[in-house]
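Written out below as structure tokens is the structure these notes cover.
Only the coordinates and a few stated rules stand behind these numbers; no lab work does. Keep in mind that this is a model prediction, so the values were computed, not measured.
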Amino acid sequence: MGYTITLLAMTAILIFTRPSNAAVDHSPWSALLARYVDDNGRVAYRDLQAHDQAQFDSYLATLAQAQVAGMNEAEEKAFWINAYNAMIVNGVLHGYTAESVLARKRFFSWYTLPIAGAERSPDEIEHQILRKKFHDPRIHFTIVCASTSCPRLPREAYIPERLEQQLDEAARGFINDPVRNRIAEHQVALSQIFHWFAEDFVGSAGSVLAFVQRFVADDKTAILSAQTGALQYLEYDWTLNAQDGQRIA
């Protein structure tokens with residue numbers, strides 16, 4: 001019986017991660033991220049535009065022509081996460097930011113790019129595809145809206161072969177980041193992401209705190225366990241996540 005269960009589990013993993021004919025090569029995106037993103041997730045937008053716009057445009061063309069219908073689940077999830085992040089970076093290169101209410105509407109709802117054969121907005125990718133199709137709250141820590149309070153943009157692309165590890169690392173890194181979540185004896189205040197998308201975390205773990213406890217550092221577990229009353233949320237900083245002197249506009 002135990003052998004059968006193990007075999008079934010291994011088969012599921014192989015099906016989930018085995019490359020398909022529709023797989024997209026995200027290594028050009030990884031190279032750009034490693035070159036122009038620092039350890040704090042801040043981006044050298046001007047340098048990227050000046051030195052590697054052609055390589056970036058080539059990757060965007062790959063995303064535009066991709067066929068998601070033939071992808072396995074890991075490939076498709078990684079594809080849409082990378083597509084969202086690349087789309088946001090491209091928007092910043094074209095003068096968009098999220099620094100005001102109207103600017104956020106323009107950026108996330110009205111700005112579009114051809115992705116997988118159709119014109120798509122960041123909001124469509126986030127809400128109609130990633131959230132609606134995959135029901136994985138860890139996604140919220142991987143998509144980066146080019147703002148200071150967003151998750152840090154990683155220095156590598158998300159890839160199917162390591163996606164589960166990368167998703168866990170993204171959740172753990174965000175939740176334990178003292179700038180984005182304050183979990184201390186004198187105060188528990190979480191990112192607005194946990195407020196805006198509470199239904200996703202409740203649906204996954206039963207409550208926001210229960211989800212956070214899955215990834216919080218051991219020394220903070222007792223603090224969360226003792227938490228009573230309504231949760232507090234930090235003010236969201238929409239300032240562009242650009243390195244010094246690297247704003248486009």
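Using a Gaussian network model of the chain with C-alpha springs under 10 Å, which one of D38, D237, D218 is most mobile by mean-square fluctuation?
Checking each option, the largest mean-square fluctuation is seen for D218.
Rounded to whole Hz and in sequence order, give me ³J(HN,Hα) for segment 109-124 from the Karplus expression 6.51 cos²θ - 1.76 cosθ + 1.60, θ = phi - 60°, writing x for Gly and Pro.
Values per residue, Gly and Pro as x: 9, 9, 6, 9, 9, x, 10, 6, x, 8, 6, 9, 9, x, 4, 5 Hz.
Which residue fluctuates the most in the chain, going by a Gaussian network model with Cα springs under 10 Å, if the choices are T148, T112, T221?
Highest fluctuation of the listed residues: T221.
In sequence order, what are the phi-derived ³J(HN,Hα) couplings for segment 137-142 according to the Karplus relation 6.51 cos²θ - 1.76 cosθ + 1.60 with θ = phi - 60°, rounded to whole Hz, with x for glycine and proline?
Whole-Hz 3J(HN,Hα) from phi for segment 137-142: x, 4, 4, 4, 9, 10.
For I115, which sequence-distant residues (separation of 5 or more, or a different chain) have an amide H within less than 5 Å of its own amide H, given hydrogens modelled in the peptide plane?
R120
How much length is gained on full extension from A184 to E161, taking 0.36 nm per residue of separation minus their Cα-Cα distance?
The span from A184 to E161 would gain 4.7 nm if fully extended.
With a length cut of 15 Å (Cα positions projected on each helix's long axis) and a Kyte-Doolittle mean of at least 0.0, go through the chain and give me the DSSP H helices that pass. If you can, show how the numbers build up before the last one.
Details: long enough: 2-17 (23 Å, 1.79); 45-65 (26 Å, -0.71); 73-93 (30 Å, 0.27); 163-175 (18 Å, -0.30).
TM-like helix candidates: 2-17, 73-93.
Separation of segment 73-87 and segment 184-206 by C-alpha centroid, Å?
Cα centroid to Cα centroid, the span is 24 Å.
Note the listed values (i) 54, 51, 36; (ii) 52, 51, 29; (iii) 45, 41, 39, then indicate which one is Cα extents along the principal axes in Å calculated from this particular structure.
Only one option fits the structure, namely (ii).
Given contacts defined as C-alpha pairs under 8 Å and at least six residues apart, what's the relative contact order of the chain, whole-number percent?
25
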